[in-house]
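Step one of this worksheet: look at the structure below.
Derivation of every value follows stated rules applied to the coordinates shown; laboratory data play no part. Just so you know, these numbers come straight off a predicted model, no measurement behind them. Every residue, glycine among them, receives a Cβ derived from its backbone with ideal geometry; neighbour counts consider all protein chains shown.
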Amino acid sequence: MATPDKFPAWKTIKLGTYRSVSDLLNALTAGGFQMSYFAEEVVQKISLANAGVEIDLVRVTVAELGFEGPARHDAIYDRARESGLDLLPAEAGPQLRLQYTDEPENEWTVVAMEPVIDSTDTISIFRVVRHSSGLWLETTPGDPRLEWHPEDRWVFGRRR
């Protein structure tokens, strides 16, 4: 199985830079970032790091984790952990959106995190997206039984 060295850090972001979830939401709005209704709702349910901490992110496709065809969400998480990668705190989703301003158009990346249940009882995780309409923070279903395609991109934490 792969070692963490196989997956170099893609980006380093800082967590714990806002005192409250309200401040984090205000920063997203003030920065001109778009948020789906459910993304805003999920942000309101997350915890923030108490102090500024940097984390290294690794972006991998399902195929790079060793899957030749579609793979279940839970299998992706298991394989990533076996490969030395970690799930991210939920705060990483909105922080990545704030700090990844040069995202290419039509790109999207799923944030590997413990899911949060939204108001429709949907198990949700974040994804960052750049549509023609701008930079977005969205949610996507986080059901462990869902399958993802080999080309789908995920972002995990890299152990230091």
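Which loop trypsin sites (Lys or Arg not before Pro) in region 20-97, with loop taken from DSSP, have no more than 16 other Cβ atoms within 10 angstrom of their Cβ?
Sparse-neighbourhood loop trypsin sites (Lys or Arg not before Pro): 45.
With the crude spin-label approximation of a point 7 Å out along Cα→Cβ, what separation in nm comes out for residue 22 versus residue 40?
Once both label points are built, they end up 1.6 nm from each other.
On a 0 to 90° scale, report how tilted helix 21-30 is relative to the longest principal axis of the chain, with both axes built from alpha carbons and the result rounded to the nearest 10.
Taking the Cα atoms of the chain, the angle to 21-30 is about 80 degrees.
Note down the magnitude of the dipole of region 35-160 about its Cα centre, charges +1 on Lys and Arg C-beta and -1 on Asp and Glu C-beta and zero elsewhere, to the nearest 20 debye.
Result for region 35-160 is approximately 280 debye, rounded to the nearest 20.
So what's the angle, to the nearest 10 degrees on a 0 to 90 scale, between helix 73-82 and the longest Cα principal axis of the chain?
Approximately 70 degrees, to the nearest 10.
Can you work out the FRET efficiency for the pair residue 50 and residue 72, with r the C-beta to C-beta distance and R0 = 45 Å, to the nearest 0.05?
On the way: r = 34 Å, r/R0 = 0.76.
For residue 50 and residue 72, the calculated efficiency is 0.85.
Could you work out the mean projected area of the convex hull around the alpha carbons of region 4-158, in square nanometres to one decimal? Could you put the intermediate results ahead of the total?
Details: hull surface 34.4 nm².
For region 4-158, the mean projected area of the Cα convex hull comes to 8.6 nm².
Kirkwood hydrodynamic radius, computed over distinct alpha-carbon pairs, for region 56-124: how many Å, to one decimal?
After inverting the mean inverse Cα-Cα distance, the result is 13.6 Å.
Which whole-number percent gives the relative contact order of region 1-128, counting Cα pairs below 8 Å spaced six or more residues apart?
Computed over region 1-128, the figure is 31 percent.
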